[in-house]
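Readers should treat all values here as calculations from the given coordinates under stated rules, not as data from a laboratory. Given the structure is predicted, the values throughout are model-derived calculations rather than measurements. Here Cβ is always computed from backbone atoms with ideal geometry, including for glycine, and neighbour counts include all displayed protein chains.
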Amino acid sequence: MSQWVRLWDDMPTDPKWRVVSRRAGRPLPEVLSVFVFMMTNAGANATERGRMINWSDEDVAAALDMEAEHVSAIREAMQGKTLEGDCLRGWERRQPKREDNSSERARAWRDEKKRRLEEERENERARTQPNAEKPPDADAETDSELQPLESSNELSAGSSTALPLDLTPQPEILDLRKARERKAESDLDLLDKITDLWNAWARRFGSPQVERLTPKRGMHCRRRLEDLKAYGHDAPEAAFSFLLEKCSLSFYARGSPRKPLDFDQLMREDFMTKMLEGVYEYREARRV
């Protein structure tokens, strides 16, 4: 992997280049070109960065379209100014180690990205998901936010003693909370019925049964029930029964040998669509 070197802001206008140019009797652009070549050479030294390695005036001259004796003159004129033998002066100050190791910077960037991703996931889990129960303290926060404040007239006309706030939940808040609880219970009842329908079908055709309906499975199940409405089945149980009838005609349920169908596979949008369209229908069933 290529190594990087740094240039400082006033490097092109540094007065010492004019001194080197006069010593060598060469124009300033040639001096700067040779110095940049020296920096890249010293930066590529894996053993001791900052020390030129395998330097050849002739090779550098060919690369920069110069004469070899001109490169030699510039190199000798740099001694005591930018060179100490084969070492570039001020390398440790100009090229700090932390800037040389790109792998460490990349690792730090990946760690920071991972940390931010974890924070986003934590924040996402903290939010109330659709059709899910609210966090334990969510209702308390809602109650306090919706609690009516005393009117400004009463506060201005009353004494300096602060009036006690009525923290009793209002009827409309209690009704909203009960409605959410009833919806959550109804949603769980529906998912239990869908699970029972699947397990009955799975026992019949030797497919894995659902032992635990995880939140992710529940989310996919709700989405597929919404998709099934397009086939004329508004009632969720009837819609899922219709889907299982299609599964019964597929090669997942007929023929031998057959590959068992699992619930998660069926709940994938693309798979369910193909099942309903007859893509997986068993060929013997097509002849009927």
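A convex hull fitted to the Cα coordinates of the range 16-95 yields 81 cubic angstrom per residue.
Label positions at Asp227 and Arg107, each projected 7 Å from the Cα along the C-beta direction, are separated by 4.4 nm. For the range 177-287, lysine pairs separated by 8 or more sequence positions, or belonging to different chains, with Cα-Cα distances below 28 Å total 20. Between Ser250 and Tyr282, the built amide H atoms are under 5 Å apart, and every one of these is 5 or more places off in sequence or on another chain.
Going by neighbour counts of Cβ atoms within 10 Å, the residues Trp8, Trp55, Trp17 line up, fewest first, as Trp8, Trp55, Trp17. Amide H contacts of Leu83 (H built 1.01 Å from N, in plane; Pro and chain starts excluded): Arg89 sit under 5 Å, all sequence-distant by 5 or more or on other chains. Our analysis of the range 177-287 gives Rg over Rh at 1.00, with the two radii drawn from alpha carbon positions and Rh computed by the Kirkwood formula. For the range 216-269, the C-alpha radius of gyration sits at 1.20 times the compact-globule guess of 2.2 N^0.38 Å, with N the residue count. Using the Cβ-Cβ distance between Leu117 and Glu281 with R0 set to 35 Å, the FRET efficiency from 1/(1 + (r/R0)^6) comes to roughly 0.25.
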